There are 4 protein chains.
Amino acid sequence: MTDLNQKTSVRILTTGGTIEKSYCESEGTLKNRASIIREGLISSLRLPYTHLELESILNKDSLEMDNSDRDQICAAIARTAEKGDPIVILHGTDTMSVTAEYCFDKMGTPAVPVVFTGAMRPMGFIDSDARQNVTEALLAARLLSPGFYIAFHNRVFAIPGARKNLETGTFEAV
Amino acid sequence: MTDLNQKTSVRILTTGGTIEKSYCESEGTLKNRASIIREGLISSLRLPYTHLELESILNKDSLEMDNSDRDQICAAIARTAEKGDPIVILHGTDTMSVTAEYCFDKMGTPAVPVVFTGAMRPMGFIDSDARQNVTEALLAARLLSPGFYIAFHNRVFAIPGARKNLETGTFEAV
Amino acid sequence: MTDLNQKTSVRILTTGGTIEKSYCESEGTLKNRASIIREGLISSLRLPYTHLELESILNKDSLEMDNSDRDQICAAIARTAEKGDPIVILHGTDTMSVTAEYCFDKMGTPAVPVVFTGAMRPMGFIDSDARQNVTEALLAARLLSPGFYIAFHNRVFAIPGARKNLETGTFEAV
Amino acid sequence: MTDLNQKTSVRILTTGGTIEKSYCESEGTLKNRASIIREGLISSLRLPYTHLELESILNKDSLEMDNSDRDQICAAIARTAEKGDPIVILHGTDTMSVTAEYCFDKMGTPAVPVVFTGAMRPMGFIDSDARQNVTEALLAARLLSPGFYIAFHNRVFAIPGARKNLETGTFEAV
């Protein structure tokens, strides 16, 4: 008999982006350093039946990413998808849809759901949208069929099919 | 041409439960009074393409609910489902699965997704799970097909099929 | 030569009160259990040159305190004051001024500043005044001359001379 | 008869500094823009008997301040002190003691307490020390005699007599 309550694994790949920018008090700077999502966000979610595996791929502002970075992300997705678990990818919003489409063009439909998310405001801020977006991405990763997606601000977009709207600060369908 | 970015409506019905218990400083009591989810939680979510309609049905600890209360909830669901929008129901965790199954037994499969959620800790607490659960329920309501569900702690259960585990403080599949 | 930057000690005595009421998820109750101020509040203050010693005397709603409890508090103050460090006392607001005056009547002016504080809303709530009041009491304890005081909502009252105003939910001078 | 419970005024002058740096989502930058202390911090303090008057003098990182800026701050202090109320000044930490000493050298002992404070981490961050420092400064302003001071991390320093320690990220006595 299947144990309906066994832990399900979700794999999180981090690439940097606004969501993971952290503040250094001695420098007075806000930028991508090491991944902070485990202590800064995951630790305060309740995930009793979810086993999370985190892997840090890059720590970059997505405006600074080039195709070599995107190839690295594709390689990480391909390697991680072999484990058979859904994947959530933290990524800067500015080129999130570019990377997601790049992966789709190169890889086609992956073997598992691959859900990109990020935030308009770094997760350390009181009024950040990081917690909301990560919560959504983690749930979407469990509900969706294999494919590339963006989860953001209570919406899920199949890729291709989304772009950031710079004026409204959210994603919209195209 | 369809506007892919038009606002989608979700209707929230509140019935009380731990999630909506609020603290009265002059009385020193924590209990269900008026619904507080709009100012206490919804106002800090980013929902640029989601139009929320809130309706307060009851303000009860779910241990105090009887079948007359559940009939009232069923009636509200039936009336609300006619609008065609997904429904999220805030409910105490102690009898959430009882109410959800009662509605399922009485109504069968509804015309829209009906997602119950709540919290182990009232939404006013720093370490409440209310924000996580409501975020999940709002997303699940947009992704799921018509039916009764419970969304809680990064899991979605079809009803019947879930019960609260008093020891672990979460829901599990049955 | 005196080291102006040596750590100064402040001793915190806890007696319960609203400020330290904690929520039990399995019981669904909010009440005084063990002291929670170290992890729930002190750990997030920056006190690089302050050494805090915490001692739990009682865990009671102050409406349930009697003179036997107050004698115990007096004894703890007397014993602690011998160390020569300022004292902060966490106490329920309802009889805070009663206890402070009881101590003053029994002990006269103590050898060190003894600053009572508490909160209208338990420290676990997002909008609690506990952090503000404790921050004020810890600073007042370093600035004031020996005596009994209440620090609350940006004011310091010498005892006797203060009472709780039930309507406004704060202390006022008498 | 004196009304012991009349509101006492405290005047806050803002000059910028880390404490008031705010994040712009469209630019992705963290810097001094307009003063944010009223909505970002003051609004969540309980100050039932304190009347605050805020005035924005400058919006600068304190590393970019020159003596012309400091003259402007001195002029604002002189003008404001005439009202007879204690003054709190928000200022960057890097040159806070420089400005405070500059004012002391130019003005001598002012007619009211003038308490400088700021933060190591901008007030919008979850783990900012801004709330603690402002709470301390507002209380110190009510307790201290006329003079220049720095209130920071549970300590109050008379000026001259303090400097920032870059390694430990706090102020120390000199």
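The values are calculated or read from the model by the stated rules, or taken from the named source; none is laboratory data. These numbers come from a predicted model, not from an experiment. Cβ placement follows ideal geometry from the backbone for every residue including glycine, while neighbour counts extend to all protein chains displayed. The area values use the complete protein model at the heavy-atom level, side chains included, leaving out ligands, DNA and RNA. Shrake-Rupley method; radii C 1.70, N 1.55, O 1.52, S 1.80 Å.
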Checklist line | Residue ID - farthest from residue A:31 (Cα to Cα), chosen from residues in segment D:19-62 that are touching a Lys or Arg at 6+ places or on another chain (Cβ under 7 Å) and within 14 Å of chain C (Cβ to nearest Cβ) | finding: D:49
Note to self: Can you tell me which of (1) over 14 Å from the mean Cα position of the chain (by Cα); (2) away from chain B (no Cβ under 14 Å); (3) in a helix (DSSP H, G or I); (4) under 30 Å from residue C:3 (Cβ atoms) is the one residue C:77 doesn't meet?
What the structure shows: (1)
Margin query: Can you tell me how many residues within segment D:100-121 are among the polar types (S, T, N, Q) and touching a residue at least 60 places away in the same chain (Cβ under 8 Å)?
Written below: 1
Next item on the list: Those residues that are part of a loop (DSSP other than H, G, I, E, B) and surrounded by 24 or more Cβ atoms within 10 Å (Cβ to Cβ), I need them from segment A:1-32; list them, please.
Entry: A:17
Next item on the list: Keeping to segment C:34-56, report how many residues are buried (at least 19 other Cβ atoms within 10 Å of the Cβ) and in a helix (DSSP H, G or I).
Entry: 2
Note to self: Return the residues of segment B:60-85 that are in contact with a helix residue (DSSP H, G or I) (Cβ under 7 Å, 6 or more places away or on another chain), open to solvent by 30 Å² or more (accessible area, probe 1.4 Å) and within 21 Å of residue B:133 (Cβ to Cβ); say none if nothing qualifies.
What the structure shows: B:60
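Restricting segment B:1-18 to residues that are in contact (Cβ under 8 Å) with a residue 24 or more places away in the chain and more than 16 Å from residue B:96 (Cα to Cα), which is farthest from the other protein chains (Cβ to nearest Cβ)? Spell out the reasoning first.
Start the filter on segment B:1-18 by keeping residues that are in contact (Cβ under 8 Å) with a residue 24 or more places away in the chain, which leaves B:5-18.
This time we only want the ones that are more than 16 Å from residue B:96 (Cα to Cα), so: B:5-11.
On the way: B:5: 5, B:6: 10, B:7: 11, B:8: 8, B:9: 12, B:10: 8, B:11: 14 Å.
Among those that are in contact (Cβ under 8 Å) with a residue 24 or more places away in the chain and more than 16 Å from residue B:96 (Cα to Cα), it is B:11.
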Checklist line | Count of residues meeting criterion [out of contact with any strand residue (DSSP E or B) (no Cβ under 8 Å at 6 or more places or on another chain) and touching a residue at least 60 places away in the same chain (Cβ under 8 Å)] in segment B:19-43 | finding: 1
Note to self: Going residue by residue through segment A:104-111, is there one that turns out to be touching a helix residue (DSSP H, G or I) at 6+ places or on another chain (Cβ under 8 Å), of a type in the set (S, T, N, Q) and over 26 Å from residue B:128 (Cα atoms)?
What the structure shows: no
Note to self: Which count do you get for residues in segment C:45-67 that are without any contact (Cβ under 8 Å) to a residue 40 or more places away in the chain and among the polar types (S, T, N, Q)?
What the structure shows: 1
